[in-house]
1. Take Tyr115 and Lys204, extend 7 Å from each Cα along the Cα→Cβ direction, and tell me the distance between the two endpoints in nm.
2. Within the chain, which is the longest segment that contains none of the trypsin sites (Lys or Arg not before Pro) sitting in a DSSP loop with at most 13 other Cβ atoms within 10 Å?
3. Could you give the size of the charge dipole of the chain about its Cα centre, using +1 on the Cβ of each K and R and -1 on the Cβ of each D and E, expressed in debye and rounded to the nearest 20?
4. Compare the Cα positions of Leu92, Ser106, Ile170 along the charge dipole of the range 88-189 (+1 at Cβ of Lys, Arg; -1 at Cβ of Asp, Glu; about the Cα centre) and return the one farthest towards the positive end.
5. So which GluC sites (Glu not before Pro) in the range 8-65 are both in a DSSP loop and have at most 12 other Cβ atoms within 10 Å of their Cβ?
6. To the nearest 20 debye, what charge dipole does the range 98-233 have about its Cα centre, counting +1 at the Cβ of each Lys and Arg and -1 at the Cβ of each Asp and Glu?
7. So which lysines pass the test for Lys37, namely a Cα distance under 22 Å, with those fewer than 8 places away in the same chain ruled out?
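The numbers here are math on the coordinates, done by the rules we state, and not lab data. Predicted, not measured: the structure shown is a model, and the values here were computed from it. In this analysis, Cβ positions are derived from the backbone assuming ideal geometry, glycine residues included, and neighbour counts consider all displayed protein chains.
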Amino acid sequence: MDSRISRIRQNEEKSHTEVYTKEKLYDSDTWLRKPIKTVEELVPLFVHYEEVRILDLGAGVGRNSIFLAQELKENNCQIDCVDILEIAVEILVSNAEQYDVSGNISGIIKPIEEYKIQANSYDLIMAISALEHIDTEEHFFDKLREIELGIRKYGIVCLVINTEVTEFNINNVAEIEPNFEVNLATEVLLKRLDSIFKDWKILKKNVVQQNYEIPRENIRSSLSTNVVTFVARKNN
Ligand SMILES: C[S@@+](CC[C@H](N)C(=O)[O-])C[C@H]1O[C@@H](n2cnc3c(N)ncnc32)[C@H](O)[C@@H]1O
């Protein structure tokens, strides 16, 4: 692993471990407060299913998966939750117990780039703020193609991906290297999504520019990102 990737991964491990160990799922002022709206909107698409197989890449402590497991329990949902961080998966498993969905959730400790998605095996694959942490652009695009193949007929892909991320030190305006392994131009990603999912029905595609302060050791830092949300349904 090159030094840039290991530096980013060390920083990410530190910041995620801090949030995951200090904050409680669904009882926090942070992003762990609730599932994202785009995931909440997916529930009606599956309520008529007799069984639902879901893959959550970069699942964290289960913010989106625990919610779906509760909502789709009657539909025999089985969710594979992949995360690189052991502590995230440990907390996810204990959250699943707390919310009475242990039987619906499997925690898998693995980098996304090493998790092989079997063809034609999931009704929903989601990756929320996760694919940009794949180690290389080549592996990133390989994974998008694997996701396309991994989804069953009428299945759904739900992606939220940060692009064109820039960061600077608020005190002296010096540029800082963002902690994103893959940092694509927004247009490049949109074009590739259109081409990989070309025969799919697009349910949601938008780009939202966001700026926020992020915690960094000893400095105040401001981050700017174009967040791409992409939801589509496989037609055949
Ligand atoms: C911003 S968090 C989002 C977590 C979750 N998707 C959510 O919306 O709550 C990103 C997650 O991806 C995980 N992650 C980062 N790089 C990864 C990789 N290469 N493979 C698997 N998981 C990774 C982190 O450990 C972290 O839990």
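1. Computed distance between label sites Tyr115 and Lys204 equals 2.0 nm.
2. Values: sites that count: Lys116, Lys198.
Formally, the longest exposed-site-free interval is 1-115.
3. On the way: 28 positive and 40 negative charges, 138 e Å.
Roughly 660 debye for the chain.
4. Farthest towards the positive pole: Ser106.
5. Numbers: sites: Glu12, Glu13, Glu18, Glu23, Glu40, Glu41, Glu50, Glu51; in loops: Glu23, Glu41, Glu50, Glu51.
Filter output for the range 8-65: Glu50, Glu51.
6. On the way: 15 positive and 21 negative charges, 158 e Å.
For the range 98-233, the charge dipole is close to 760 debye.
7. Once the sequence-local lysines are set aside, what remains near Lys37 is Lys24, Lys73, Lys201, Lys204, Lys205, Lys234.
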